[in-house]
């Protein structure tokens with residue numbers, strides 16, 4: 001595997017981990033919007049998120065750092081042209097973080113909790129949507145290359161169009177689905193469990209529908225991407241695997257097998273993101289900027305990979321220890 | 001407001017906000033580890049209570065620091081994409097290392113906060129030490145990236161682009177050692193004294209074993225750092241004299257190139273007249289301090305082209321503020337040591353408590369002033385003598401809206417933090 005491909009894989013990997021951990025945080029916020037009157041739900045959600053919250057969101061920063069260190073050409077193009085959705089996403093992250101801090105550590109007055117619940121939920125909807133839009137804008141080749149950039153000063157067209165909007169919706173429904181599936185294992189209360197289970201099933205179907213809509217808009221708006229997604233040698237087996245994960249997750253939910261449902265739901269999300277990566281390859285920013293062109297010099301890439309590997313060796317056991325400490329019910 | 005000015009203002013604002021929480025994330029774990037250490041040795045319940053309350057404070061501050069840190073990592077790209085195109089591969093390493101350290105800190109803090117009853121006392125205390133160590137390391141790594149902007153190293157220039165990039169040389173650049181030491185001490189100094197001031201204030205209202213313990217512990221940490229800081233400042237100043245002579249000239253308000261240049265206390269630089277007025281001048285003081293040689297030549301601002309000079313008034317005044325606050329805290333610390341040796345009880349007498357309560361917050365003032373000196377003192381460069389700030393900014397227009405949005409959201413966040421810390425750390429009206 002070439003160095004720049006490995007770096008691209010690391011960035012994608014970080015985004016996958018972010019999606020299956022932090023993504024569920026956002027999804028939980030979406031359900032809170034529908035549960036503002038139900039304190040028991042909020043409590044379960046808060047208790048599940050609290051200890052690992054910061055550790056989850058570090059993966060986003062990891063992706064950003066690896067991008068500017070290892071694929072600076074891509075980082076610069078994305079930061080310049082997708083400034084607005086990135087800024088909105090960022091504001092969502094800050095508001096969500098503030099709401100989280102306040103609800104976790106602050107006043108318990110009912111009015112304050114409700115207000116922050118709304119802020120938390122609203123921000124939880126915005127950020128995943130923006131994430132999806134940014135990914136779609138890149139994948140669809142809507143980010144101008146260096147030559148086109150000199151001719152244009154349109155900072156809105158790259159991201160404000162049907163395909164990115166659909167993928168934004170898809171991301172939101174996937175995260176909401178993920179959150180509901182995870183929450184099934186976080187409570188012993190039968191009524192709450194039933195609520196989460198129904199929502200997970202609804203989220204699963206919604207995600208499937210959104211994926212279909214997104215694919216059709218891709219065919220109209222980003223034919224090159226749609227061709228890669230639909231017609232490459234790996235497309236068939238890949239889509240089969242993703243569908244199997246999705247159907248399997250729903251099946252486990254129907255059968256009330258929650259641990260398996262979790263694994264399959266996470267696998268489904270991971271496969272969707274992986275599919276995005278494969279569809280774009282070998283471009284970092286389609287249609288012109290390849291991974292090789294966007295990459296930093298080889299020595300820098302080697303250092304990046306070394307630090308990533310070393311970091312994993314340090315962090316994974318430590319994270320495992322944290323999970324054991326926290327999840328052991330005393 | 002021009003887009004460039006809006007971008008600079010937004011970055012300065014975000015950094016000024018973040019630095020307070022970043023240093024709190026380094027120093028408050030020190031306080032909680034020391035308190036828990038005392039608890040494990042002497043079993044006074046107050047020390048356990050102290051460790052627990054400080055850890056809750058640490059959790060809030062850490063969470064906010066994580067949020068503001070995320071904002072900064074995005075702003076690097078949103079506001080300065082042309083800087084990141086140049087520098088990203090070169091200073092990516094300290095940022096990556098900082099990320100790993102931060103991740104470890106988050107995990108250790110998770111164990112510390114939620115593991116009180118779930119791990120052995122020894123393991124619990126060690127997780128606290130883990131928070132302190134990783135926090136300090138992550139701060140050190142980030143500071144090396146800033147040091148690189150001041151003394152760029154580890155690459156060569158070919159047609160305005162960097163080639164032959166050597167990440168290790170970039171990380172261990174000339175300013176790195178002095179910036180790391182100075183910033184680490186500044187963390188303990190500012191937060192130690194701020195905590196001491198808060199607890200001193202509470203003690204003035206009502207005697208309390210809890211606040212007395214908190215006060216002595218935080219004052220010890222703050223004073224130890226304050227006593228060492230002038231020496232670190234000396235090292236830093238000499239490094240700046242060697243590698244960033246225009247910055248030295250600006251912070252001192254030195255316009256003429258001179259041998260045996262004077263040290264100026266106070267004074268107001270005049271940009272047009274190229275002179276600094278109203279200063280108390282100590283003959284040969286600057287040559288002595290900056291080069292440890294009373295007859296050394298110091299380059300004056302006039303020897304640099306106007307477009308390469310930083311805003312002298314801001315840099316000079318910020319420097320005077322920083323040194324004044326640092327000197328005052330040094331004096332308070334020296335007095336505290338004297339009292340601890342000769343008459344311990346005086347440390348909690350109202351006159352000394354008032355002194356600490358009033359001077360304590362100045363550590364944070366010194367912190368912000370110091371960052372102003374080093375950042376504004378590097379202008380007009382974003383990478384000293386290599387890339388200018390105005391060439392690094394994003395082409396996207398309307399940055400004043402971005403500035404307004406960030407300021408508004410941070411105002412909200414500040415209100416949340418203040419209210420939360422108040423209830424969390426200081427406890428209810430019924431607290432001891």
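Read-outs: derived from the displayed coordinates by stated rules, not from any lab. Everything quoted here is computed from the prediction, not taken from an experiment. Using ideal geometry, Cβ is built from the backbone for each residue, glycine included, and neighbour counts are taken over all protein chains shown.
Helix B:362-376 sits at what angle to the longest principal axis of chain B, using alpha carbons and giving 0 to 90 degrees rounded to 10?
Value to nearest ten degrees: 20.
Compare A:298, A:164, A:282 in a GNM of chain A, Cα atoms joined below 10 Å, and give the one with the largest fluctuation.
Highest fluctuation of the listed residues: A:298.
Can you give me the angle between helix B:209-243 and the longest principal axis of chain B, using Cα atoms only, in degrees from 0 to 90, rounded to the nearest 10?
20 degrees
Among B:205, B:354, B:247, which comes first, then next, by fewest other beta-carbon atoms within 10 Å? Write out the running numbers ahead of the final one.
Numbers: B:205 8, B:354 13, B:247 24.
Result, fewest neighbours first: B:205, B:354, B:247.
For chain A, take the longest principal axis of its alpha carbons; what is the angle in degrees between that and the long axis of helix A:110-139, to the nearest 10 within 0 to 90?
So the inclination is approximately 30 degrees.
Which whole-number percent is the relative contact order of chain A (Cα, under 8 Å, 6+ apart)? Present the calculation step by step, with values, prior to reporting the outcome.
Numbers: 418 pairs, mean separation 81.6, N = 330.
Worked out over chain A, it gives 25 percent.
I need A:323, B:1 ordered by Cβ neighbour count within 10 Å, fewest first.
On the way: A:323 15, B:1 10.
Neighbour counts put them in this order, fewest first: B:1, A:323.
Given a 10 angstrom Cα cut-off, can you work out which residue in B:14, B:303, B:287 is the most mobile in a GNM of chain B?
In this elastic network of chain B, the residue with the biggest mean-square fluctuation among B:14, B:303, B:287 is B:303.
Under 8 Å for C-alpha pairs, at least 6 residues apart: give me the relative contact order for segment B:41-134, rounded to a whole percent. Don't skip to the end; give the middle numbers.
Numbers: 32 pairs, mean separation 25.5, N = 94.
For segment B:41-134, the relative contact order is 27 percent.
Cα gyration tensor of segment B:285-408, axes a ≥ b ≥ c as square roots of the eigenvalues: rounded (a/c below 1.5), prolate (a/b > b/c) or oblate?
Numbers: a/c = 4.24, a/b = 1.55, b/c = 2.74.
Judged from the Cα gyration tensor, segment B:285-408 comes out oblate (a/c at least 1.5, b/c at or above a/b).
Tell me, what is the percent relative contact order of segment B:65-191, built from C-alpha pairs under 8 Å that lie six or more residues apart? All intermediate terms of the calculation are to be shown ahead of the outcome.
On the way: 122 pairs, mean separation 32.5, N = 127.
Across segment B:65-191, relative contact order equals 26 percent.
Given the options A:196, A:283, A:254, state which has the largest fluctuation in a GNM of chain A using a 10 Å cut-off (strictly under) for Cα springs.
Largest GNM mean-square fluctuation: A:254.
Return the calculated 222 nm mean residue ellipticity for the protein assembly as shown, to the nearest 500 deg cm²/dmol, obtained by summing -39500 (n - 2.57) across DSSP H runs with n ≥ 4 and dividing by the residue count. Walk me through the intermediate numbers first.
Values: 27 runs with 577 residues, N = 762.
Helices in the protein assembly as shown give a 222 nm mean residue ellipticity of -26500 deg cm²/dmol.
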